[in-house]
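Working notes, structure below.
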Number of protein chains: 2
Amino acid sequence: MTELRQNAITREWVIIASERSRRPDDFSQEKVRSATLPLYRADCPFCFGNEHMTGEEVFRLCEDEKWRVRVALNKYPALSPEGDRIRTYHNLFRSVSGVGFHEVIIEHPRHDLTTALMSFADVANILRVYRQRYATLRTDPRVASIIIFKNHGAGAGTSLEHPHSQLAATPIVPYEVRFRTQEAIRYFDDTGECVFCRTLADELAVGDRIIFASEHFVSFIPYAALSPFHTWIFPRRHCSSFDNITDEEILDLAIVLKTTLAKLYHGLGDPDYNYVIRSSPTDERRTDYFHWYLAIVPRLSLTAGFELGSGMYINTALPEESAAFLRSVEIGNG
Amino acid sequence: MTELRQNAITREWVIIASERSRRPDDFSQEKVRSATLPLYRADCPFCFGNEHMTGEEVFRLCEDEKWRVRVALNKYPALSPEGDRIRTYHNLFRSVSGVGFHEVIIEHPRHDLTTALMSFADVANILRVYRQRYATLRTDPRVASIIIFKNHGAGAGTSLEHPHSQLAATPIVPYEVRFRTQEAIRYFDDTGECVFCRTLADELAVGDRIIFASEHFVSFIPYAALSPFHTWIFPRRHCSSFDNITDEEILDLAIVLKTTLAKLYHGLGDPDYNYVIRSSPTDERRTDYFHWYLAIVPRLSLTAGFELGSGMYINTALPEESAAFLRSVEIGNG
């Protein structure tokens, strides 16, 4: 018989279909794609030397007078920085003007790299830029919520090979963020503690779903992971907003993020994935109940009508087995 | 500038990216696949004559001593009918045994058909079987929620060509259903009316997003459709549970469902899609605040990190344009 598990933070239910389950390495994509990419492509707008091909540059992080990470406006933005935030209500038809920011973070001058293959210093640079953009854009009074995310591979929604991520600063708080915040407040009121801190303590006490733990961060496959190898990275220190991350924590997160992604890369053959940094709404920067974190979702299975209709998921990989597998993957020095 | 729209029922926000928008027929898949399928395949477990290849049969609807619709247990069930519903709590780790039902509804003896190409009588038979299964399984005290859904095409999560749909009867109420119910209760408390009835009245008053309307049902693209050609079919009569549908309403829904799917089929070249019947939890069969409906989601775009991170969607098709396009599609007699 299968087992249904509920995530105490998101309230989502997942069917852990162990009767359908495969061995962890059966999920391997056997691609190891980035190893065969060129260092530079003349037609890639994100490659070093092709800076004129991107949207307007809004930030760059330099070393030795060369950029290491660049941020440009998205050329096809879903949100635009011009204009006011205007709400319109006609009966139940509610709209808000699409003001906000949609930026592209070019993570490295080189075309052939991916986070899993970068140095810790490179990954720390990306995280520093995330923090700079987050801290800058949250001061705009039209911005209610900021999402930083990465699409890696065609199955995760990008056709661009060059390593990059995106930032969207939206004029409203998405309902998922609102809903999770309400649940977190309720848990805090009932128990006096943060449901994320509690989850992390419980996961560390059990231990069998931990992938990698460092001084400041823990990477683990949650008890009720929605899909195979769905991974969370939690800061140990309670903190609701990502831009409060310290310099020391950035160096530590670079190690945990790169190590986790490298284990996925080497263990599963460079699978397509998304990651996203979930942080509190910009007006709620310091709260006792919300806790920022990073979620990685490898694209190893397709959601269909079952998930669509129920909001429930079927996960064919046992989280404990997946975590044990990733713990055993050697990533070498690269 | 784009526009953000909020769905008053689900609270979901969508960015209507009209600057990115394409003409409605640019979404065409140009496949018209089913026209070339054989009537029968020897290796298809759902074809007439191959009944021994399915899981155990639990129901059949016959005409002229031949089955027209069959229901069998899923051979790879996510939920199993044996055993008790047992909740287990350890700290924040919550689980429920995977009891329930996971059935396959074989919609027609013929391999080459799809709902868009069936007769109204065929589609009415499928709906009668849905009602029979729903009404039967809801009496099991271990069942908290029933989802009926269809995956059409590989992009929608099925590799089986033969027309079929599925039913999942789950031992818990999924959080999406809970969340929507709570929102619907709040709206009812605030206004004294059903938010679904109000939405339907508003859509009919505006009119430009209606695809097809009959005596008992209305098919429309909602104001805040999450993805291109995302379609809802609402019963005009307020009713919270699908199994309360009357015989007359079934005949009428067959016309509306087939017509809507045929317009998608002919207008967009047989796109992959999912549909799902959303009904109230089984213990809440008659409520003032919930209203069952059918949602159709063509798989014309891929969700990526943006959607994953924010719970917001980007829709590159203007709902009003999509609906006008579908209204104009002729479906002939077939």
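The values are calculated or read from the model by the stated rules, or taken from the named source; none is laboratory data. Bear in mind that the values here come from a model prediction, so they are computed numbers and not experimental data. When we count neighbours, we look across all protein chains shown, and the Cβ atoms used for this are built from the backbone with ideal geometry, even at glycine.
Just to check your reading of the model, which residue among A:Ser159, A:Ser145 is closer than 20 Å to A:Asn244 by Cβ and of a type in the set (Gly, Ala, Ser)?
Numbers: A:Ser159 fails: closer than 20 Å to A:Asn244 by Cβ.
Exactly one of A:Ser159, A:Ser145 is closer than 20 Å to A:Asn244 by Cβ and of a type in the set (Gly, Ala, Ser), namely A:Ser145.
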Original post:
Within region B:174-201, which residues are buried (at least 21 other Cβ atoms within 10 Å of the Cβ) and β-branched (Val, Ile, Thr)?
Top reply: B:Val177, B:Val195, B:Thr199
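Can you find, within region A:283-295, the residue that is farthest from A:Asn244 (Cα to Cα) among those that are within 13 Å of the chain's Cα centre (by Cα) and surrounded by fewer than 22 Cβ atoms within 10 Å (Cβ to Cβ)? Talk me through it step by step, then tell me what you get.
Within region A:283-295, the first condition is being within 13 Å of the chain's Cα centre (by Cα), and the residues that meet it are A:292-295.
Now drop any that are not surrounded by fewer than 22 Cβ atoms within 10 Å (Cβ to Cβ), which leaves A:292-293, A:295.
Values: A:Trp292: 10, A:Tyr293: 12, A:Ala295: 18 Å.
Once the filter is applied, the top-ranked residue is A:Ala295.
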Original post:
When residues of region B:153-164 are filtered for being of a type outside the set (A, V, I, L, M, F, W, C) and within 13 Å of another protein chain (Cβ to nearest Cβ), how many remain?
Top reply: 6
Subject >> 3 or more residues touching a residue at least 24 places away in the same chain (Cβ under 8 Å) and not hydroxyl-bearing (Ser, Thr, Tyr): qualifying strands (runs of 3 or more DSSP E) within region B:229-334 >> reply: B:231-235, B:273-278, B:293-298
Original post:
Does region B:95-105 include one or more residues that are among the aliphatic types (A, V, I, L, M), in a loop (DSSP other than H, G, I, E, B) and within 28 Å of A:Leu226 (Cα to Cα)?
Top reply: no
**OP:** Report, by residue number, each residue of region A:113-152 that is within 10 Å of another protein chain (Cβ to nearest Cβ) and more than 18 Å from A:Leu73 (Cα to Cα).
**Re:** A:His152
Original post:
In region A:164-187, what residues are farther than 19 Å from B:Gly311 by Cα and touching a helix residue (DSSP H, G or I) at 6+ places or on another chain (Cβ under 7 Å)?
Top reply: A:Tyr187
Original post:
For region A:273-296, how many residues are under 14 Å from A:Glu183 (Cβ atoms), more than 10 Å from chain B (Cβ to nearest Cβ) and of a type in the set (Lys, Arg)?
Top reply: 0
Subject >> Filter result (of a type outside the set (Phe, Trp, Tyr) and surrounded by fewer than 21 Cβ atoms within 10 Å (Cβ to Cβ)) within region A:69-80 >> reply: A:Leu73, A:Asn74, A:Lys75, A:Ser80
Original post:
Would region B:149-165 turn up any residue that is out of contact with any Ser or Thr (no Cβ under 6 Å at 6 or more places or on another chain) and among the basic types (Lys, Arg)?
Top reply: no
Original post:
Can you find a residue in region A:85-94 that is among the aromatic types (Phe, Trp, Tyr), more than 9 Å from every other protein chain (Cβ to nearest Cβ) and surrounded by 18 or more Cβ atoms within 10 Å (Cβ to Cβ)?
Top reply: no
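B:Gly207 - would you say it is of a type in the set (Gly, Ala, Ser) and either within 17 Å of B:Thr115 (Cβ to Cβ) or surrounded by 19 or more Cβ atoms within 10 Å (Cβ to Cβ) (or both)? Talk me through it step by step, then tell me what you get.
Numbers: of a type in the set (Gly, Ala, Ser): yes; either within 17 Å of B:Thr115 (Cβ to Cβ) or surrounded by 19 or more Cβ atoms within 10 Å (Cβ to Cβ) (or both): no.
For B:Gly207, the condition - of a type in the set (Gly, Ala, Ser) and either within 17 Å of B:Thr115 (Cβ to Cβ) or surrounded by 19 or more Cβ atoms within 10 Å (Cβ to Cβ) (or both) - is not met.
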Original post:
Residue check: is A:Phe196 more than 12 Å from chain B (Cβ to nearest Cβ) and among the aromatic types (Phe, Trp, Tyr)?
Top reply: no
Original post:
Any residue in region B:48-68 that is more than 21 Å from the chain's Cα centre (by Cα), part of a strand (DSSP E or B), surrounded by 17 or more Cβ atoms within 10 Å (Cβ to Cβ) and modelled with pLDDT under 95?
Top reply: no
Original post:
Can you tell me which residue in region B:213-238 is surrounded by the fewest Cβ atoms within 10 Å (Cβ to Cβ), limited to those that are more than 17 Å from the chain's Cα centre (by Cα) and hydrophobic (A, V, I, L, M, F, W, C)?
Top reply: B:Ala213
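Please verify whether A:Ala184 is within 14 Å of another protein chain (Cβ to nearest Cβ), among the aliphatic types (A, V, I, L, M), assigned to a helix (DSSP H, G or I) and without any contact (Cβ under 8 Å) to a residue 60 or more places away in the chain, treating the condition exactly as stated.
Values: within 14 Å of another protein chain (Cβ to nearest Cβ): yes; among the aliphatic types (A, V, I, L, M): yes; assigned to a helix (DSSP H, G or I): yes; without any contact (Cβ under 8 Å) to a residue 60 or more places away in the chain: no.
Judged against the criteria, A:Ala184 is not a match.
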